[in-house]
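Report on the structure given below.
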Amino acid sequence: MKNTRRGLWLTLLPMYLFTLVFVAGPLVYMVVLSFLQRDESWGVTANFTLQNYTQIFQPVYLQTFADSLGLALLSTALIVLVGYPFGYFMARLSARGKKRMMLALMIPFWTSSLIRLYGWIIIFRANGPLDQLLMGLHITSEPLRLLYTYPAVVVGMVYALVQFMIFAVYSSAEKMDWSLVEAARDLGASPFTAFCTVTLKMTLPGLLSGVILTFIPSMGLFFIADILGGNTVVLVGSLIEDQLVKAHNTPFAAALSVVLMLMTTAMIAFYRKVSDVKELEGLL
Amino acid sequence: MKKLFSAVLAGAVLAGSLAGCGQSADRELNLFTWVGMFPDEVLADFTAETGIKVNYSNFDTDESMLQKLSQAEGGDYDLIIADDYIIQTAIEQGLVAKLDKSKLENIGNVNPVYQGQFYDPTDEYTVPYGAGVQTIVYNPAMVDKEITGYADLWDSALADNLAVVGNYRVINGMALKVMGESYNTEDPAVIAEAGEKLLELAPNIRLIKDSNTQDDLISGEVGAAVMYTSQVTLAMMADPSLKVVFPSEGIGLGIMAQFIPVNAPHSDEAHEFIDYILRPEVAKECFQYIGYYCTNQAADALIDEEFRSFLTLPEDFDAASTEMIQPISAEAEEAHVQAWTEFKNACGQ
Amino acid sequence: MKKGRFRFSYLYMGLVLAIMYLPILLTVIYSFNESRISSVWGGFSLTWYRQLFRDEEMFHALWNSIVLAVCSCLLAAVLGTLGAFGMTRVKSRLNGPMEYLSTLPIMIPEIILGMVFLAFFGLLGLPFGMLTLILAHTAFCVPYIFMLVKARLVGMDPSLAEAARDLGAGEVRVFFDITLPLIAPAIASGMLLSFAMSFDDVIISIFVTGVNVNTLPIRVYTQLKTGVTPEINALCTLMLAGTVLLVALSVWIGREKKHAPKL
């Protein structure tokens, strides 16, 4: 028996080693960097400092964190609105329908995300297809100038992340025992009550993991803000990029990253507590 | 099963590394620069003439280039083309080799306006390859105001109608120029003041973008833009009714230059390439392709008529009115970043 | 009543799918655009396809991307599957923290990962190129496979494996004969997802790549920076066609065999 146990430990070993060396290692290094001082022109010097963290508390950077959170909240709310019904409806399809729907959702996923976002630029352009349509239908009389606005960024976020929500909700809803809903209805519950008491409760793990899987990336997806927002919507991700690539301030970028990571971790911990589930369910 | 996996994996890695190394021709040149810096024909002709195979690899920003180069300890790459300020840093870090001028027959073709600049005051390390000036381009049909300098960009006639490049030294620099300061001031108070001034510009900003801004100008997304030279060239080619303004406050000049890393594996080939590009007829092809100001005096006369006004300096160009953006102290840099972040936050409101 | 609701759900899903495909459709349409500028329609043309087929660099980059995606998704499949299997079987206090650590790469913004990988690989003195790319990509592919396989294992009926063990099968035998076939769909979908993520990754790749190793997304991204030509649209259209073809093929083969591979 002991042998078996040792054998089982061996199966864990590769992933443990890889994770320790190539995930924990770099991250520890990042934390170390965040406490160092930047060099005069480039790189870092080995002086311990807390300055990178105190700097975050300047109003301008706090503002960026707040704006990022706001955008992430709004995007996630919309993603729930769009993705939840989709995942739910999808789980009610026939086996064949499910398979087809899965394919239909995966194909855009395999297309370069950069290119897909460029498709939206074409749509949103002044006098582009959307304007032409709306003006053709006499809904609007002049170009909307949607490109490079906040709504355009929100659309981009929803578009880039909604699949995660759909898959998460679907995998929860698919496992659901539909007879429970019917039982509730038989006992006289209205469709709405049945939904709230049974369906919602049973798909909650999927919904929550969907929220995690969309909320966290939406704080960092700076290229969406770049491409569709014309860079006027500043996210923590863009701030990190600016610090890293343009200002060469690696320690400050590292400190920002550490704070962002702590926020992420706190969210995941909160999620585990609330949902009482160990797994982030239904990545696909 | 595991063995099968590892066998497949090993095979794939091997295939990958082979694909990575490329064919080991006798003579080769590892060229490292942005995408699209040379017309394919020029590279093909060079290979045909010299038998040197050109391996063209790309970086996206100067900073990632420098990071790569310092990781490689000045090796791996044979010839790099990058922006002025980063070359200064690279030289300071000892990553750049001195050129052997005896191997560069055509070095005399370089336009002296672009020589002896801050990053290489004695021209020991670099040969310029294209220059850019920051200009304002606007569409008179969309802007009810004649623009002559940076100060005009603050006018309310441009509300939500202006695009600028995403480089804080250039944009904060506009405010500095309007205030009559230098791009390279290191006084945090002055930079902060420029930041305040910039906040007043925020309502006019529709777009902050480094690439393809000309598309937005042409499609009418914005009425005016502060752009780099190659974008100006593309915009003017597509729509000649646009107006180009050399700002009255002074002109920001940027130079791209070629240099050879200190441990370049194929230094001779790199010299040969530089010299080849310095030939007037080759240089003409290159500059017409990349759309930057021609840094090769001997090529100026060869530039086609339709390109001449974009690629060669105007007759009355006053070299003294230009200023290059140079590296500044970390403290000043920090002040810039903060002003810039505040500005971007204000633009989104 | 029930019928009506079902119709609404079809309408809803159809609408969402239509919006999802709209930008892709436009990319396809604009790949046939004569004009170089994406905002202007200059008439139908195959110019960009011709230019694409002359672009050796682009195909080189495509090949690199395929090699990279295949290697990292295979490596991640081995690591992730074994890890998930071990973790459900061995009860250890290490499991929680290790699980958190190993899934971190998909929980933190890519730019952070790119930055730390660059700094860290530099610290280790690894040569930048295909090796560093594979390591970095494997790191963010493992979580997908690990999470999917683990979810599958947790939901699995343990009595099957127990029965096999009672009948005298060794652990290895049980793993290959019972467990592996059962978790195969999860591994497969994890690998597909990993492949897609690796194939699409720009930010991390840009940081950790080396001389002469351009991947397709790097090529696309750097080109987007210096000036997009509709050549990119053309490439995207071809890749889309390839994907659809592969999917159709797998569905067709699945039908022949009477059991379609589950995605």
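The values are calculated or read from the model by the stated rules, or taken from the named source; none is laboratory data. Computed from a predicted structure; not experimentally measured. Cβ placement follows ideal geometry from the backbone for every residue including glycine, while neighbour counts extend to all protein chains displayed. When the accessible area is computed, the model is the full protein with side chains, heavy atoms only, and any ligands, DNA or RNA have been set aside. Shrake-Rupley method; radii C 1.70, N 1.55, O 1.52, S 1.80 Å.
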Within region C:11-31, residues being among the aromatic types (Phe, Trp, Tyr) and at pLDDT 90 or above number 2
Residue under question is A:Phe65, and the condition is that it be open to solvent by less than 50 Å² (accessible area, probe 1.4 Å) and away from chain C (no Cβ under 11 Å); does it hold?
yes
Within region B:209-226, residues over 17 Å from the mean Cα position of the chain (by Cα), within 12 Å of another protein chain (Cβ to nearest Cβ) and either hydrophobic (A, V, I, L, M, F, W, C) or assigned to a loop (DSSP other than H, G, I, E, B) (or both) come out as B:Leu217, B:Ile218, B:Ser219, B:Gly220, B:Glu221, B:Val222, B:Gly223, B:Ala225
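The rows are residues; the columns are (1) facing chain A (nearest Cβ under 8 Å); (2) closer than 16 Å to A:Thr19 by Cα; (3) of a type in the set (D, E, K, R).
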residue: C:Pro97; (1), (2), (3): no, yes, no
residue: C:Leu126; (1), (2), (3): no, no, no
residue: C:Thr138; (1), (2), (3): yes, yes, no
residue: C:Pro143; (1), (2), (3): no, yes, no
residue: C:Leu148; (1), (2), (3): yes, no, no
Within region B:317-349, residues being among the β-branched types (Val, Ile, Thr), open to solvent by 20 Å² or more (accessible area, probe 1.4 Å) and assigned to a helix (DSSP H, G or I) number 0
*asked:* Any residue at all in region B:140-149 that's buried (at least 17 other Cβ atoms within 10 Å of the Cβ) and under 29 Å from B:Glu334 (Cα atoms)?
replied: no
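Kindly state which helices (runs of 4 or more DSSP H) lie completely within region A:102-181 and contain at least 2 residues that are in contact (Cβ under 8 Å) with a residue 24 or more places away in the chain and either open to solvent by 30 Å² or more (accessible area, probe 1.4 Å) or out of contact with any helix residue (DSSP H, G or I) (no Cβ under 9 Å at 6 or more places or on another chain) (or both).
In region A:102-181, A:150-174 are the helices (runs of 4 or more DSSP H) which contain 2 or more residues that are in contact (Cβ under 8 Å) with a residue 24 or more places away in the chain and either open to solvent by 30 Å² or more (accessible area, probe 1.4 Å) or out of contact with any helix residue (DSSP H, G or I) (no Cβ under 9 Å at 6 or more places or on another chain) (or both).
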Out of (1) over 17 Å from the mean Cα position of the chain (by Cα); (2) modelled with pLDDT of 95 or more, the one B:Ala72 does not meet is (2)
*When you look at A:Phe195, is it aromatic (Phe, Trp, Tyr), open to solvent by 30 Å² or more (accessible area, probe 1.4 Å) and either assigned to a helix (DSSP H, G or I) or more than 28 Å from A:Ile216 (Cβ to Cβ) (or both), yes or no?*
yes
The helices (runs of 4 or more DSSP H) lying wholly within region C:152-200 that contain at least 3 residues that are within 12 Å of chain A (Cβ to nearest Cβ) and not polar (S, T, N, Q) are C:171-174, C:180-200
By residue number, the members of region C:32-65 that are open to solvent by 60 Å² or more (accessible area, probe 1.4 Å) and at pLDDT 85 or above are C:Phe44, C:Leu46, C:Arg50, C:Phe53, C:Phe59, C:His60, C:Trp63
In region C:192-212, anything in contact with a Gly (Cβ under 9 Å, 6 or more places away or on another chain), farther than 30 Å from B:Leu66 by Cβ and open to solvent by 20 Å² or more (accessible area, probe 1.4 Å) is listed as none
Exactly one of C:Val247, C:Val228 is part of a helix (DSSP H, G or I), surrounded by fewer than 22 Cβ atoms within 10 Å (Cβ to Cβ) and modelled with pLDDT under 85, and that residue is C:Val247
Contact list, first residue from region A:216-239 and at the interface with another protein chain (Cβ under 7 Å from one of its Cβ atoms), second anywhere and part of a helix (DSSP H, G or I) and basic (Lys, Arg), beta-carbon distance below 6 Å, six or more apart or interchain, is A:Val234/B:Lys344
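In this structure, is C:Thr88 modelled with pLDDT under 90 and in contact with a Ser or Thr (Cβ under 9 Å, 6 or more places away or on another chain)?
no
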Restrict the check to region A:33-47 and report whether at least one residue is at pLDDT 90 or above, out of contact with any strand residue (DSSP E or B) (no Cβ under 8 Å at 6 or more places or on another chain) and either under 19 Å from A:Val158 (Cα atoms) or not hydrophobic (A, V, I, L, M, F, W, C) (or both).
yes
The residue that is surrounded by the most Cβ atoms within 10 Å (Cβ to Cβ), considering only those in region B:1-55 that are modelled with pLDDT under 50 and outside any helix (DSSP H, G or I), is B:Gly22
Item to complete: Can you confirm whether region C:141-161 contains a residue that is in contact with a Pro (Cβ under 8 Å, 6 or more places away or on another chain), open to solvent by less than 30 Å² (accessible area, probe 1.4 Å) and not basic (Lys, Arg)?
Response: yes
Boolean, B:Val113 is open to solvent by less than 40 Å² (accessible area, probe 1.4 Å), more than 30 Å from B:Ile218 (Cα to Cα), outside the structural domain of B:Glu333 (by TED's automatic domain parsing) and among the β-branched types (Val, Ile, Thr): no
| query | Being touching a Ser or Thr at 6+ places or on another chain (Cβ under 7 Å), small (Gly, Ala, Ser), farther than 24 Å from C:Leu245 by Cα and facing another protein chain (nearest Cβ under 8 Å), is that true of even one residue in region A:115-124? | reply | no
Practice item. Using the structure shown, decide if B:Val190 is more than 23 Å from A:Ile224 (Cα to Cα), surrounded by fewer than 18 Cβ atoms within 10 Å (Cβ to Cβ) and more than 23 Å from the chain's Cα centre (by Cα). Key: yes
Within region A:261-284, does at least one residue satisfy the condition of being free of Cβ contacts under 8 Å to residues at least 60 places away in the same chain, under 17 Å from the mean Cα position of the chain (by Cα), more than 12 Å from chain C (Cβ to nearest Cβ) and part of a helix (DSSP H, G or I)? yes
Looking across region B:262-294 at residues that are of a type in the set (Gly, Ala, Ser) and more than 16 Å from B:Thr47 (Cβ to Cβ), the single one that is nearest to the chain's Cα centre (by Cα) is B:Gly291
Scanning region A:12-48 for residues that are more than 21 Å from C:Ile108 (Cα to Cα) and touching a residue at least 24 places away in the same chain (Cβ under 8 Å) gives A:Leu36, A:Gln37, A:Arg38, A:Ser41, A:Trp42, A:Gly43, A:Val44
query: Is one or more of the residues making up region B:255-273 within 27 Å of A:Asn231 (Cα to Cα) and either among the β-branched types (Val, Ile, Thr) or not in a strand (DSSP E or B) (or both)?
result: yes
| said: Going by what's in this entry, would B:Ala159 be described as closer than 30 Å to A:Asp226 by Cα and open to solvent by 30 Å² or more (accessible area, probe 1.4 Å)? | reply: yes
Of (1) closer than 29 Å to B:Asn345 by Cα; (2) surrounded by 15 or more Cβ atoms within 10 Å (Cβ to Cβ); (3) of a type in the set (Ser, Thr, Tyr); (4) more than 7 Å from chain C (Cβ to nearest Cβ), A:Thr54 satisfies every one except (2)
